Structures are given as C-alpha cells and as structure tokens.
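Here's the structure, in structure tokens; my notes come after.
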Amino acid sequence: MKPSPTTVSTPLPKHTRIAGTGSLLPARRVTNADLAAELAAKGIETSDDWIVERTGIRARHFADAGTTASDLAVGAARHAIEAAGLTPGDIDLIVLATSTPDMVFPSTACIVQQKLGIVGCPAFDLQAVCSGFVYALTVADSLIRTGTARRALVIGAEVFSRILDFNDRGTCVLFGDGAGAVVLEASDTPGLLATDLHADGRHVGILCVPGTVSGGQVLGDPLLKMDGQAVFRLAVGVLEQSARAALAKAGRVDADIDWLIPHQANLRIMQGTAKKLKLPLDKLIVTVDEHGNTSAASIPLALDHAVRSGRVQRGDTLMLEGVGGGFTWGAVLLDY
Ligand code: ACO
C-alpha cells in the first residue's frame, strides 16, 4: 500500500527577539534658552528653570521644513538593519507608529518601504500616540509568532513640531522630533517575554489634535491640546499597573528588571514610575533631557541610545512602557 502524502510545514516560531536597534534625530538642536528667546519675541514668557524643574527637558531636536517622519524613520531603520547584520531585503514586515504621518494616506510605512527599496512585504501605520511603539512591538511579535513574517522593522517616527502651538507655552516646550527603530525577528530562545496593552477612550479630550481634513480644508484646530495635570495623574498609575501586569504574565518580579525604559514625556512621571516599581533611579534610562517628548519615537530612541552607549547589554531584562493620547498605555517586558 502506498503511504499517504504528508504535508511538510515549518513550525511556527515560539519567540521573537530584538536583533538590532537604530535611531535618528534631526540635526537642529533647540535648547530651552533658544525656545525661551523665540517665545519672548512673541511676548510669551518661559525659562530654562521652569522647563527643567517641571519636566527635566533641557533641549529637543526640530526637523527642518523639508524633513518628514518617513525621512527620520528611514535613517533609524537603516541603523537598526545594519546593527542586526541584515540588509533591507531581509525585512518582511514594516509596522510604523506615528501621529505625524507624511500624508493622510498612503501610510508612512509604505513610504519607508519604498525609500528602503523593499517590495511586497506588508507595511502599515499604527496610531496609539505615545504608546504607539509598545503597541507596534506587540503587533509585530504576534504577526511573527503566527507565521506572517520572520523579520519585522518596528519603527516610531514623529515630527511633532508640526502640530505644536507655539503660542501655548504649556505644550510647545515639551515635545521634539525624531525616530527610533528595531528589527524584531523569530527566535528559538525567548526575547519578548510578555506584553500588556490598554486604552480608555473616555479620556480622548485630555490629549488630542482635534482638527481634521474635509472638503480640501482643515476643519477644527490642527494643533496639540493637552490638560497636563490630568495626563500626569493618569500616567503614573497606569504605568505601574501595566508594568506589574507584564511582570505577572512572565512570572517575573520588579527586581528582575535591569532597565526601565519608559516613554520619555516628563522626568517626574518617569521617576515616579521607577519608585513605584521599587527600582533605583540608576536603572531608569533617561533621554527626555536631550530629546524632549518625541511621542511614538521616544522609547526606541531611548533604547537605541542605551544600547549604543553600552548601558544596555545582551541578556539584560528591559521593561518598555508607553502612555499617551487615547488614553492609551502598555508595557513590553523583554530579554534583550
Ligand atoms: N513656562 C513658564 N510657565 C508656564 C509654562 C512654561 N512653559 N507652562 C505653563 N506655565 C505656567 C502656567 O501658566 C501656570 O501659571 P499660573 O499658575 O499663573 O496659572 C503655572 O505655570 C502652572 O501650570 P501648570 O499647568 O499647573 O503646571 P504643572 O506643574 O502641571 O506642569 C506640565 C505642567 C509640565 C505640562 C505637567 O502637567 C506635566 O508634565 N503633565 C504631563 C504631560 C505629559 O506628560 N504629556 C505627554 C503625554 S504623552 C502624549 O501622548 C503626547
């Protein structure tokens, strides 16, 4: 009797790991003093002391008029691909988190794909504001573990300076532009250990850009609005809860975290989270002082700076955490 035909299927990968990181900041560095001078010319008062004391921010980078989110994303992506020892042709998925896309459509991910010379792989944008990178990492992890891709480019890229109201001193001093990226790949050994995502749309109004495009015109206000105190109050609580949820899912405890890499919005929020997790402040990666809040780009930017400066080493356990408009929040626990 003839043996029945068998199908040979490739087993699904059990794990994903970060194979390389990269980032790019626009060349123009704007200090608090520079910004204070610009605002003073319009009769708006602020100071380096106020900004440093309330936020920890000392400088940010702003893109020039001709630079788009995809330009920054491509630079960050090339560095991440190179760090992973790969070429763009090895990438088979692009997930890009941004709130400041190049166009209404197509996605900035497709523009990045074209600029990198990659053809055919799935590419899409993901919108979860400052939680965008942890959302994107979670989605890419799922798509790799269900067999859709093996090597994903996960990017956070923003030109937030385009949506800032430079007549509102309460917001325009907080944000900056930049991009960060990782290559996430299928792995036999654990990398990403647990993820935890949430949203609460009841808080849409506390952090938003309420304008839209209709009939060839901008309807409503296309600049960022924020109730800073409401954001502050919510952020510290949800960041602790999400970190604890991710630790519990992975069967780990606070003390297992080698580095806390939270969304870089405000030093006081970041230090508050570290304290709640009983982590010494020297385990907190801080780049908000030099980058400001770069929304979806802030976590991969901070991660890449920590890797390239030699602080984060292979085998370290990292807690990445995002929080932002939506209201959205989430955490990714991983062994680097
Ligand atoms: N320079 C000088 N004074 C200022 C400035 C400024 N840049 N901005 C506000 N002030 C003044 C206010 O007008 C107010 O003056 P008044 O008392 O005379 O009315 C005073 O400072 C206090 O203002 P508050 O808004 O109460 O200041 P607060 O201590 O809350 O700090 C801040 C404001 C820094 C925005 C804080 O609320 C915060 O960090 N919130 C969280 C913001 C955040 O993290 N946002 C990003 C979330 S991520 C995302 O999705 C984009």
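Numbers at a glance
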{"quantity": "Qualifying residue in the range 102-110 (condition: surrounded by fewer than 22 Cβ atoms within 10 Å (Cβ to Cβ), touching a helix residue (DSSP H, G or I) at 6+ places or on another chain (Cβ under 6 Å) and free of Cβ contacts under 8 Å to residues at least 60 places away in the same chain)", "calculated": "yes"}
{"quantity": "Condition check for G89: away from the ligand (no atom under 16 Å from the Cβ), modelled with pLDDT of 95 or more and of a type outside the set (D, E)", "calculated": "yes"}
{"quantity": "Subset of the range 9-57 (residues that are assigned to a loop (DSSP other than H, G, I, E, B), open to solvent by 60 Å² or more (accessible area, probe 1.4 Å) and free of Cβ contacts under 8 Å to residues at least 24 places away in the same chain)", "calculated": "S9, P11, A41, G43"}
{"quantity": "Filtered residues of the range 58-101 (kept if open to solvent by 40 Å² or more (accessible area, probe 1.4 Å) and either in contact with a His (Cβ under 6 Å, 6 or more places away or on another chain) or among the hydrophobic types (A, V, I, L, M, F, W, C) (or both))", "calculated": "A65, A83"}
{"quantity": "Which numbered condition L193 misses (of (1) open to solvent by 30 Å² or more (accessible area, probe 1.4 Å); (2) in a helix (DSSP H, G or I); (3) not small (G, A, S))", "calculated": "(2)"}
{"quantity": "Scan of the range 144-186 for residues that are more than 21 Å from the chain's Cα centre (by Cα), within 12 Å of the ligand (Cβ to nearest atom) and not in a loop (DSSP other than H, G, I, E, B), ordered by number", "calculated": "R169, G170"}
{"quantity": "Where L279 falls short, out of the listed (1) open to solvent by less than 30 Å² (accessible area, probe 1.4 Å); (2) within 16 Å of the ligand (Cβ to nearest atom)", "calculated": "(2)"}
{"quantity": "Among the residues listed as T273, T287, T294, the single one being away from the ligand (no atom under 14 Å from the Cβ) and of a type in the set (S, T, Y)", "calculated": "T287"}
{"quantity": "Pairs, first of a type in the set (F, W, Y) in the range 133-155, second assigned to a helix (DSSP H, G or I), C-beta under 7 Å, six or more apart", "calculated": "F133/A296; F133/I299; F133/P300"}
{"quantity": "Scope the range 111-134; condition of a type outside the set (G, A, S), open to solvent by less than 30 Å² (accessible area, probe 1.4 Å) and within 16 Å of the ligand (Cβ to nearest atom); matching residues", "calculated": "L126, C130, F133, V134"}
{"quantity": "Filter pass, S214 being more than 15 Å from the ligand (Cβ to nearest atom) and open to solvent by 40 Å² or more (accessible area, probe 1.4 Å)", "calculated": "yes"}
{"quantity": "In the range 274-300, the residues that are in contact (Cβ under 8 Å) with a residue 60 or more places away in the chain and in a loop (DSSP other than H, G, I, E, B)", "calculated": "V286, G292, T294"}
{"quantity": "Selection count where residues are assigned to a strand (DSSP E or B), within 15 Å of the ligand (Cβ to nearest atom) and hydrophobic (A, V, I, L, M, F, W, C), scope the range 221-260", "calculated": "1"}
{"quantity": "Within the range 92-110, tally of residues that are closer than 15 Å to L153 by Cα and away from the ligand (no atom under 16 Å from the Cβ)", "calculated": "9"}
{"quantity": "D141 vs. criteria outside any strand (DSSP E or B), acidic (D, E) and more than 12 Å from the chain's Cα centre (by Cα)", "calculated": "yes"}
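Yes/no matrix, rows are residues, columns are (1) more than 19 Å from E321 (Cβ to Cβ); (2) of a type in the set (S, T, N, Q); (3) open to solvent by 50 Å² or more (accessible area, probe 1.4 Å):
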| residue | (1), (2), (3) |
| --- | --- |
| C172 | yes, no, no |
| F175 | no, no, no |
| G178 | no, no, no |
| V182 | no, no, no |
| T189 | yes, yes, yes |
| A199 | no, no, yes |
| V204 | yes, no, yes |
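The values are calculated or read from the model by the stated rules, or taken from the named source; none is laboratory data. Here the structure is a predicted model, which means the values were calculated and not measured. Ideal geometry is used to build each Cβ from the backbone, glycine not excepted, and the neighbour counts take in all protein chains shown. These accessible areas exclude ligands, DNA and RNA; they are computed on the full protein's heavy atoms, side chains included. Shrake-Rupley method; radii C 1.70, N 1.55, O 1.52, S 1.80 Å.
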